[in-house]
Amino acid sequence: MDNNTIVMSSDNNYVWGVWLLIASMRMNSMTEPVIILADNYSPENVECLEQFGDVKIVKRDESFKRNLTFSKPEAMLLADTEYVTWVDCDALFYGNCSKYLAPAPGHIHVRQRAYAENAAGFAKFYDENDKRGPIPAKVLDVWRKDVGENEKAAFDTCSSACYISIPNAYRFILERWRDQIAKVMPEDNVGIVDKRSIAYFQTDESVLNSVLCFCKGAPKIVPEFKLDKDPDAFFIHFNYQPKPWHLWNDYTIKHYDKTVAVVEWAVANNYKTPGAIPFSLKRKYSFLSHLIAPFTRNYYRGMKFLKK
């Protein structure tokens, strides 16, 4: 739907992810315009992405010192359509998902975490008397004080920030999210998790949830996330390292065929790729990709540990 803009941000390490996501849209006749807040893109990167049509690349402000994940509200504010939809760029659309993107009036379309998932995320932060599942009381207390508006939280479990669709009528919430990041988060880059903070350890996602919880006039969360219900049209998020354009892992390998099909469609339709196609995205190496997928997460953890 052209009244909705798809927005993402990335540096040059995730150009393959952006390319795959946009290619999956165009392969599935999703015509939404795309805006990318880009960091350190080469002219070749820009040309490779703009070839899909209705793709706008905006250079990220070089004075911004925080991790790129904090650029989400800034990127979403670049859109001027009736709706704006953020997607993490390590993802795909399978099938035509256009009709599932935008929320009903008065709502924001995000995936709200179940109590079990929420409990796992906050496991280290519960006090002895806390009920496992809801957001810990001490986290809500910090959010309530920092936002400084509503006293009662609008919900008791967090929403994921990997997919966000919101009416432009709630632009002020995006502005408040941006401003709240500047207010409560240190101006440095420690990655997408900040272990220095109990209330904001999930960085941009924590700040978003604080705003949705305690800002006056914030939109309601949709009662049901729509992008994981239809087996013919859903959102695929490539969780964990490594990403498919490097190697597959035990979580993402289930999406191998769907992802490689996007590459094959693009090549068959004469779209340029952002460099040579990695072996992990070539079907002739399917057996090898499936063989090593169960071990790659541990390999990457080990390499990260050794670097430290």
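What follows draws every value from the coordinates through simple rules; no lab data is involved. None of the values given here were measured: they were computed from a predicted structure. No Cβ is skipped: glycine too gets one built from the backbone with ideal geometry, and neighbour counts run over all protein chains shown.
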Checklist entry - For the stretch 42-55, in order, what is each residue's ³J(HN,Hα) by Karplus, 6.51 cos²θ - 1.76 cosθ + 1.60 with θ = phi - 60°, in whole Hz (x at glycine and Pro)? => result 7, x, 5, 4, 4, 4, 5, 7, 5, 4, 6, x, 6, 10
Next on the checklist: Could you tell me which residue out of Val222, Pro294, Leu49 lies farthest along the dipole of the chain toward its positive end? Charges go on the beta carbon: Lys and Arg +1, Asp and Glu -1, centred on the Cα centre.
Outcome noted: Pro294
Checklist entry - Of Lys99/Lys258; Lys229/Lys284; Lys72/Lys220; Lys99/Lys220; Lys145/Lys195, which sit over 25 Å apart, Cα to Cα? => result Lys229/Lys284
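Report, in cubic angstrom per residue, the convex hull volume of the C-alpha atoms of the stretch 240-307. Walk me through the intermediate numbers first.
Numbers: hull volume 6.0 nm³, N = 68.
Per-residue hull volume (Cα only) is 88 Å³.
Please give the peptides 31-43, 230-242, 273-285 ranked by average Cβ packing (other Cβ atoms within 10 Å per residue), highest first, as a rough proxy for protection.
Per-residue mean Cβ counts within 10 Å order the peptides as 31-43, 230-242, 273-285.
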Checklist entry - Considering the stretch 1-129, what Rg and Dmax in Å follow from its alpha-carbon atoms? => result 16.6, 56
Item to check | Exposure proxy order (Cβ contacts within 10 Å, fewest to most) of Leu247, Leu288 | outcome: Leu288, Leu247
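May I ask for the percentage of alpha-carbon pairs in the stretch 4-221 that lie more than 27 Å from each other?
Of all Cα-Cα pairs in the stretch 4-221, 33 percent lie more than 27 Å apart.
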Checklist outcome for this item: The residues Ser165, Ser286, sorted from fewest to most surrounding Cβ atoms within 10 Å, come out as Ser286, Ser165
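Cut-off is 10 Å between beta-carbons; in what order do Met27, Met303, Met8 appear when sorted fewest neighbours first? Can you show the working numbers first?
On the way: Met27 22, Met303 11, Met8 25.
Final ranking by Cβ density, sparse to dense: Met303, Met27, Met8.
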Item to check | C-alpha center-to-center spacing [the stretch 88-112, the stretch 256-308] in angstrom | outcome: 25 Å
Item to check | Amide H contacts under 5 Å for Val7, placed H, 5+ residues apart | outcome: Ile35, Thr85, Trp86, Val87
Checklist entry - Got the relative contact order for the stretch 240-307 handy, in percent, Cα pairs under 8 Å and 6 or more residues apart? => result 49 percent
Checklist entry - Long-range amide H contacts for Arg113: which residues qualify at under 5 Å (H placed 1.01 Å from N, peptide plane, sequence gap of 5 or more or a different chain)? => result Cys158, Ser159, Ser160
Checklist entry - Residue by residue, what Karplus-based ³J(HN,Hα) values in Hz, rounded to whole numbers, does the stretch 135-145 have, using 6.51, -1.76 and 1.60 with θ = phi - 60° and x for Gly and Pro? => result 4, x, 4, 5, 6, 4, 4, 5, 4, 4, 5
Checklist entry - So how far apart, in nm, are the two label points at Ile292 and Asp179 if each is 7 Å from Cα heading toward Cβ? => result 4.9 nm
